[in-house]
Each structure stands twice: as structure tokens, then as C-alpha cells.
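Everything on this sheet refers to the single structure shown next.
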Amino acid sequence: MKYDYDLLVIGAGSGGVRAARIAAGYGQKVAICEADQVGGTCVIRGCVPKKLLVYAAQYKKMFSTAKAYGWNIQSQFDWSSLISNKDQEIDRLNGIYLNLLDNAGVELLQGFGAFVDPHTVAVDGDHHTARHILIATGGIPAVPNIPGRDQVITSNEALNLAKLPETITINGGGYIAVEFAGIFNALGVEVNLVYRGQQLLRGFDDEVAAFAQQAFTEAGIRVITNTEIDAVEKTARGLICHAGETGIESDVVLFATGRQANTAGLNLQAAGVDCQANGQVLVNHDQASSTPHIYAVGDVCNNDNLTPVAIKEGHLLVNRLFNDGKEYPEYDFIPTTVFSQPEIGTCGLTEAEARSNHAHIECFTSTFRAMKYAMSDVHEKTFMKLVVNQQTDQVLGIHVVGADAGEMIQGFAVALKQGLSKTQLNKTIGIHPTSAEELVTM
Ligand code: NDP
């Protein structure tokens, strides 16, 4: 059977682009289809633009500390300059992605791809056949089906608001909710952060989540827990979120209530591709779906929803398909950072996870004020926690809440992945004066 392509990738996000260009580098004939800008969630409407907004927000703390360091600064913030500069940067990155594909010899099929049969994808009506097909369509925001859901925005729109609101209500207690709460709060918006549970950041270490929640409150965010928004209504002044008897008013309502696999419209049944109950494409150890020559990588099929995971899955898949690769992604000790304010960097097990798997766990914690804030009126504290298996001395988890937590955790993650022991950690000489040195002296 002769096909148009060796590999056709649906979705030009982080995982899809990596798979496409590496496969083309191995001499395969490759096409990638994309209905939107090339770059996907991470580059166009996720990690990258969000991080630019986080940088903008961090200036608030810098201005607060500036005076102590002898700087007398008059500051004025302009949201539209930030958004237009952010858009230019995203366009620049989009251009880089397009060049990467072009230089690798990948054909870009601009349009929405949908299966016609197991080897054929229609892109805006044109049919293309391929020996292997990769689904890399990522995820989309999931908004619960409540009255007034059409009045709320998601993270997609939050990155492109025409003007900065005076007040915002953010629903959710995960990554996106706390990241945007930190951004808007620092930029002077009154923020209500509404969470249905008792403590934000479910799944993170309990002490870490509690410390972060306290820090968010101290930074000025109004954290409203045990509250489920059941309707959103437009009023003369803005919007009101109804939660039982409670009404929370604001100009804008942002729902950050999780994400779902982006498979609508792909016509997966025509290709015999099975999904899980939550819509994710069901894949095996080889990233293969129920139709063996159709694969999936990234948010459309995994629960980690992290760009580097999608990239690793895509890269190793095409290595195995086209270059005799033998390696598979490893999902233990994946480091992650919540770009809230303060930032949360974490790698490995939480204390609760460690205790449920090991009989003897010892935890080491430290709370201190980072040196750079010592002379200022910024009272933010840093919290660090090590989770150690007492029997083997292995460090099972490192958690940091505080400035630069992500930068710290990336380095420590390398050691954790290699089976770092507490003794090895303590044999390492610290770098003075840093916050990170605390981790080797606990
Ligand atoms: P998360 O799964 O992190 O959080 C979703 C939040 O919404 C939870 O607090 C959840 O509550 C709550 N929620 C879910 N459904 C409802 C509902 N019907 N009503 C009220 N609240 C609800 O999702 P996000 O959207 O924040 O992010 C999605 C994923 O994207 C993350 O898990 C992460 O993997 C990735 N991501 C990574 C980032 C990074 O690396 N910095 C940044 C942003 C996203 P409960 O806890 O009770 O379930």
C-alpha cells in the first residue's frame, strides 16, 4: 500500500512539532496539520504567554524592595503595552516553530484535521493518507455546565483581555487558578479565588499547599474555600457568581476548573480509536491507540499535562518508530512548578504519598525570609521540605515555596532521579548566600 506520508501528525503543539521534525530528520516523509497558529497550548495560549505575565507581575515585589536598595522609582503599569509586547513575542516564537518545521522538511497542512478512515485524514476537505498517524491535539479548558457558563472566560481569554479589570473572580484551586490569581493580584486587580475544597492545590504536599494558601492570602488575594459556584449571572455592574446563598460580584469571572482532551471533531470512531471515559485517547506503553498504527502523545492522552512530557513522548515515539530507538518515557520524579506568587517547585513524593508507600518516613522543613527581602517591607517567606525514607536514606521528595523555586527544583530533580540520599545531599557544599543552600543543610 502506498501512502502520501510516512507520518501525519494532527496538532502542531509541543509534542506534535517535536515528533514531526525528528521523524523528518530520519528521512521520513512527514506532514503536520494545524487549525490555529503553530506552537500549541504552551507557546500560543499557555506556559509562555502566562510566564511573560508572571514576569510582569513580579515587578510589583521588585518595586516594593527597590527603595531599600537605594532606588527611587515611580512606577506605572500599562496592561495594553504588556499584551501587545506579549503578542509580538508569541508571533516571534510562532515564526521559529514554522522555520523549524520548514528546515526539517515537514509539510504544514494548515486546517482542521479529522479522520476519514484509519489511514486517511481530511484537512479542510482535502484527503491525505499516511502509514502512521499521530494524534497530538492537546487539551482545552473544561468549564462545568452551569447556568451562565457563557459569561465566564478561561485562561485562553485571560491572556488577551482588552483591559485590566478592577475585580476578578477565579474559580478553581489548581495550577491555572493560583497562577492567574497571583498575576492579577500583583497587577492591582482585586481577586476572589473561589475553591470548592478546603485547601487549594489538591495533590500537592499538604504543608506546601497550606503554606502557599496562607501566602496568597497575605499577598492580598481573597481566598474563598468550601464554595462551589453554581451559576453566573450578568448584572448592571458586571457579573455575580452564585454559590448557594452567597453572591460574589466582580467585573470578570475566570474558570480554571481543569482541562479536557481535545478530541471533538476528530472523528476518532472512523479510525477505530478508543477513548477513556474522560475523553482521553487510550494508549498503551508504546503510545499506540486501539488502532496500532495510530498513536497519541501529550495532553490528549496523559494526565501529566506538562509540555516537557509531551515532547519526550513524541521524540521517543519517533525514535522507536523510525530509528530503532529502545527508550521509553519515565514518569517518576517529574519536576513541576506552579508559577504562583510565591512560586511552588516540587519533585517526587508528597509526605502523604511517601507515608502510604513506606513504613518509616522522616520530613525536614525550614521556613525563612529570603535575604533579598530582609531590608524591605516584603514579608513573604520561603518554605522548604524534604521527604526522606528513613530505612534507605533516599530522598523521595523535595518541595519549595518561594522565589525561584522552579529554577532550584530543576537542578535537584536530576539528583532525585538518580536516587539521591539524604547523606549525599548533606555532603554537598552549599552556595552562600542563596536560598537553595538551605536544602543541603537541613
Ligand atoms: P487542575 O486540574 O490543576 O485544577 C483544576 C481545579 O479546578 C481543581 O482545583 C479542581 O478542584 C477544580 N474543579 C474541577 N472541576 C470543578 C468544578 N466543576 N467546579 C469547581 N471546581 C472545579 O487544572 P488546571 O486547569 O489548573 O490546569 C490543568 C493542567 O494543566 C494542570 O493539572 C497541569 O498539569 C497543567 N498546567 C501546568 C502548568 C505549569 O506547569 N506551571 C500551568 C498550568 C497548567 P479539585 O481539587 O476539588 O478537583
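The values are calculated or read from the model by the stated rules, or taken from the named source; none is laboratory data. Only a predicted model underlies this, so the values are computations on that prediction, with no experimental measurement involved. Cβ sites come from the backbone with ideal geometry, for glycine too, and all protein chains shown count toward neighbours. SASA here: full protein model, heavy atoms, side chains in, ligands and nucleic acids out. Shrake-Rupley method; radii C 1.70, N 1.55, O 1.52, S 1.80 Å.
One residue stands out in the range 130-176 among those that are crowded, with 18+ Cβ neighbours inside 10 Å and polar (S, T, N, Q): the one that is farthest from Gln287 (Cα to Cα), namely Thr167. From the list Ala415, Ala374, the lone residue that is within 30 Å of Glu218 (Cα to Cα) and more than 16 Å from the ligand (Cβ to nearest atom) is Ala374. Inside the range 290-309, residues that are open to solvent by less than 10 Å² (accessible area, probe 1.4 Å) and either of a type in the set (Gly, Ala, Ser) or part of a loop (DSSP other than H, G, I, E, B) (or both) make up a count of 3. Evaluation of Thr392 against the conditions (1) assigned to a loop (DSSP other than H, G, I, E, B); (2) modelled with pLDDT of 95 or more; (3) open to solvent by less than 70 Å² (accessible area, probe 1.4 Å) shows that the sole unmet condition is (3).
Evaluation of Glu179 against the conditions (1) open to solvent by 20 Å² or more (accessible area, probe 1.4 Å); (2) outside any loop (DSSP other than H, G, I, E, B); (3) among the charged types (D, E, K, R) shows that the sole unmet condition is (1).
Within the range 420-428, does at least one residue satisfy the condition of being of a type in the set (Ser, Thr, Tyr), open to solvent by 80 Å² or more (accessible area, probe 1.4 Å) and either in contact with a Gly (Cβ under 8 Å, 6 or more places away or on another chain) or at pLDDT 95 or above (or both)? Even if it seems obvious, please write down each step before you answer.
Quick first cut of the range 420-428, residues of a type in the set (Ser, Thr, Tyr) only: 421, 423, 428.
Then drop every residue that is not open to solvent by 80 Å² or more (accessible area, probe 1.4 Å), which leaves none.
Taking every residue of the range 420-428 in turn, none turns out to be of a type in the set (Ser, Thr, Tyr), open to solvent by 80 Å² or more (accessible area, probe 1.4 Å) and either in contact with a Gly (Cβ under 8 Å, 6 or more places away or on another chain) or at pLDDT 95 or above (or both).
Here the condition is being surrounded by fewer than 21 Cβ atoms within 10 Å (Cβ to Cβ) and under 23 Å from the mean Cα position of the chain (by Cα); of Asp206, Asp274, Asp230, it holds for Asp206 alone.
For the range 325-338, state whether one or more residues are more than 15 Å from the chain's Cα centre (by Cα) and surrounded by 21 or more Cβ atoms within 10 Å (Cβ to Cβ).
Let us first name the residues in the range 325-338 that are more than 15 Å from the chain's Cα centre (by Cα), namely 325-333.
So of that shortlist, the ones also surrounded by 21 or more Cβ atoms within 10 Å (Cβ to Cβ) come out as none.
No: zero hits.
In the set (1) buried (at least 21 other Cβ atoms within 10 Å of the Cβ); (2) touching a Cys at 6+ places or on another chain (Cβ under 7 Å); (3) of a type outside the set (Lys, Arg), Leu200 fails one condition alone, (2). Look at Gln88 and say whether it is out of contact with any Pro (no Cβ under 9 Å at 6 or more places or on another chain), surrounded by fewer than 17 Cβ atoms within 10 Å (Cβ to Cβ) and outside any helix (DSSP H, G or I). Answer is no for this residue. Could you please tell me which pairs satisfy a Cβ distance under 8 Å, a separation of 6+ or placement on different chains, a first residue in the range 1-21 that is open to solvent by 50 Å² or more (accessible area, probe 1.4 Å), and a second residue that is among the β-branched types (Val, Ile, Thr) and not in a loop (DSSP other than H, G, I, E, B)? Final answer for the pair search is Tyr3/Thr129; Asp4/Thr129; Arg18/Ile311; Arg21/Val30.
Exactly one residue out of Ala310, Ala288 is hydrophobic (A, V, I, L, M, F, W, C) and in contact (Cβ under 8 Å) with a residue 12 or more places away in the chain: that is Ala310.
Residues checked against (1) modelled with pLDDT of 95 or more; (2) out of contact with any Asp or Glu (no Cβ under 9 Å at 6 or more places or on another chain); (3) within 13 Å of the ligand (Cβ to nearest atom):
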{"position": "Thr169", "(1), (2), (3)": "yes, no, yes"}
{"position": "Gln213", "(1), (2), (3)": "yes, yes, yes"}
{"position": "Gly238", "(1), (2), (3)": "yes, no, no"}
{"position": "Ile248", "(1), (2), (3)": "yes, yes, no"}
{"position": "Val253", "(1), (2), (3)": "yes, yes, yes"}
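Total residues in the range 249-265 satisfying the condition of being over 17 Å from Asp150 (Cα atoms) and surrounded by 20 or more Cβ atoms within 10 Å (Cβ to Cβ): the figure is 3.
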